[in-house]
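The values are calculated or read from the model by the stated rules, or taken from the named source; none is laboratory data. No experiment lies behind these values; they were computed from the predicted model shown. We place every Cβ from the backbone using ideal geometry, glycine too, and count neighbours over all the protein chains shown.
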Amino acid sequence: MLCYSLSYKFYKIFSMEYKAYNLSNFRDIPQLEELPEKTKRTIEVVGTVLPFKVSNYVIDELIDWGNYENDPFFILNFPQKEMLSEAHYNLIDSLIDKGPKSTALKHAVEDIRLSLNPNPAGQQYNVPEFEGEPLNGIQHKYNETMLFFPSQGQTCHAYCTFCFRWPQFALNEFKFAMKEADLMVRYLKAHPEISDVLITGGDPAIMKTKFFEYYFNALIDANITHLKTIRIGTKALSYWPYRFTTDDDADDLLRLFEKTIKSGIHVSIMAHFNHYRALETDAVQEAIRRIRSTGAQIRTQSPILKHINDSGEIWAKMWRKQVDLGLVPYYMFIARDTGAQEYFAVDLETAYNTYNDAYNQVSGICRTVRGPSMSCDPGKLHIIGITQVRGEKVFALRFIQARNPQWVNQIFFAKYRPDAYWLSDLEPAFNDREFFFINELNEMRLSQHDLCHTEGVH
Ligand SMILES: *Cc1c(COP(=O)(O)O)cnc(C)c1O
């Protein structure tokens with residue numbers, strides 16, 4: 001018995017073969033056999049509009065199937081009925097039996113997707129121009145940090161149902177992708193203000209190590225003295241920790257981190273963890289141990305989401321667990337205004353109160369975290385308080401990052417509203433006409449207008 005359980009554990013940590021399920025094969029998931037047909041139908045209807053994909057690790061190790069309806073990982077990975085409006089749901093439900101080739105179904109799906117704000121926060125304004133051409137595959141919004149979207153890393157091991165990049169999986173023309181490391185290096189050399197390259201996606205950890213080697217080696221060999229840190233934004237620790245343990249090229253990836261760090265460039269994994277339970281498996285803890293042994297750091301971030309983690313208790317527990325494992329809490333985000341946002345949306349006041357509730361119960365070591373923060377067009381907007389000024393109840397806000405670095409850290413105020421979910425719901429307090437950054441933001445948009453049009457991104 002002991003022998004069996006040991007070898008079972010060994011098997012779980014040391015060799016799980018990746019398998020993904022999506023709309024076409026989810027009915028093969030053994031755990032789903034027990035579920036009512038109604039639930040499967042819902043997955044099919046909503047999954048026809050919002051892409052979904054779930055790994056066998058999530059299915060076998062994270063979801064509590066005994067309580068799947070309330071399970072955060074089930075909700076995070078399987079489409080839920082309320083993610084579509086009732087009208088949209090009923091429309092797809094009525095068309096779906098005509099089969100995937102039906103043009104009526106295709107058109108309905110397309111229309112609904114476009115109605116869900118598929119490209120939020122003006123991402124098209126972030127694509128820079130270089131040597132007269134728009135650079136697909138790079139976004140450069142904040143001075144110090146360049147985002148790089150390697151074309152091989154534009155999918156994920158499992159999709160989050162709240163993801164703001166969901167259109168990349170559903171609509172090919174929204175893919176920001178660039179093949180050439182060469183272009184990235186030339187862009188970096190022309191921009192001495194950049195200290196950080198953030199490799200993102202999709203999930204870049206989906207890429208084979210040989211591509212990481214290609215990009216990292218190009219950066220190392222280019223000897224760019226102002227490049228200090230390469231960050232990798234990934235959910236692999238939550239959804240496929242074997243990427244860093246037993247996958248064929250896991251060891252090579254860790255060796256690459258070591259080499260990069262030896263060359264004088266920090267490596268930081270920007271890891272998404274939505275719930276403390278994703279930190280509890282043997283597989284993830286082994287992956288964390290191995291990554292940290294290379295000298296790479298792991299910083300963590302997550303949006304605050306209804307049905308998943310909208311309680312201070314969950315966040316406090318998550319930050320403590322992260323710090324226990326040697327991770328650095330970094331951001332609490334507010335869910336983007338896209339896709340299934342309405343299902344997950346937490347109003348700004350609740351987000352702020354949840355953050356405070358969690359922050360108040362943890363030690364200073366956990367308080368490296370900042371939030372709740374909205375990644376909106378002008379910048380990363382931090383809700384720092386709800387307070388009274390001159391008898392008026394207000395939100396106090398500041399930019400953590402901004403299109404114009406001069407805006408960062410300036411405190412400003414918006415009228416309090418209990419039903420505010422996003423910047424677009426906010427108005428200046430004290431009868432001010434506009435927020436202080438609006439004119440300048442509009443000018444920036446105008447000057448980038450032509451570039452966007454050549455891009456064809458809307
Ligand atoms: C958050 C973010 C960054 C990184 O900002 P840091 O404050 O350095 O963490 C860079 N680019 C974009 C578009 C971002 O949203």
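Worth pointing out:
- Selected residue [touching a helix residue (DSSP H, G or I) at 6+ places or on another chain (Cβ under 6 Å), buried (at least 20 other Cβ atoms within 10 Å of the Cβ) and farther than 24 Å from residue 239 by Cα] from 84, 105, 95: 84
- You will find that of 346, 369, 284, the residue that is touching a Lys or Arg at 6+ places or on another chain (Cβ under 6 Å) and either in contact (Cβ under 8 Å) with a residue 40 or more places away in the chain or surrounded by fewer than 18 Cβ atoms within 10 Å (Cβ to Cβ) (or both) is 346 and no other.
- Inclusion of residue 337 among residues that are buried (at least 18 other Cβ atoms within 10 Å of the Cβ), among the charged types (D, E, K, R) and in contact (Cβ under 8 Å) with a residue 24 or more places away in the chain is warranted.
- Scanning segment 47-92 for residues that are touching a Lys or Arg at 6+ places or on another chain (Cβ under 7 Å), modelled with pLDDT of 95 or more and among the hydrophobic types (A, V, I, L, M, F, W, C) returns a single hit, 62.
- The set of residues in segment 257-281 that are in contact (Cβ under 8 Å) with a residue 40 or more places away in the chain, over 18 Å from residue 317 (Cα atoms) and of a type in the set (Gly, Ala, Ser) contains only 263.
- Within segment 417-428, not a single residue is within 16 Å of the ligand (Cβ to nearest atom) and surrounded by fewer than 16 Cβ atoms within 10 Å (Cβ to Cβ).
- Count of residues meeting criterion [touching a residue at least 60 places away in the same chain (Cβ under 8 Å) and within 15 Å of the ligand (Cβ to nearest atom)] in segment 130-144: 3
- Take the conditions (1) farther than 25 Å from residue 79 by Cα; (2) in contact with a Phe, Trp or Tyr (Cβ under 6 Å, 6 or more places away or on another chain); (3) part of a loop (DSSP other than H, G, I, E, B); residue 339 misses just one of them, which is (1).
Let's see how each residue does on (1) within 16 Å of the ligand (Cβ to nearest atom); (2) small (Gly, Ala, Ser); (3) at pLDDT below 95:
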| position | (1), (2), (3) |
| --- | --- |
| 226 | yes, no, no |
| 233 | yes, yes, no |
| 242 | no, no, no |
| 246 | no, no, no |
| 254 | no, no, no |
| 263 | no, yes, no |
| 268 | yes, yes, no |
| 271 | yes, yes, no |
| 284 | no, no, no |
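- Annotation: residue 343 fulfils all but one of (1) touching an Asp or Glu at 6+ places or on another chain (Cβ under 7 Å); (2) farther than 22 Å from residue 67 by Cα; the unmet one is (2).
- Residue ID - nearest to the chain's Cα centre (by Cα), chosen from residues in segment 374-398 that are crowded, with 19+ Cβ neighbours inside 10 Å, in a strand (DSSP E or B) and more than 10 Å from the ligand (Cβ to nearest atom): 374
- Consider segment 145-177 and keep the residues that are of a type in the set (Gly, Ala, Ser) and at pLDDT 75 or above. The one that is farthest from the ligand (Cβ to nearest atom) is 158.
- Qualifying residue in segment 435-455 (condition: over 30 Å from residue 138 (Cβ atoms), modelled with pLDDT under 95 and of a type outside the set (D, E, K, R)): no
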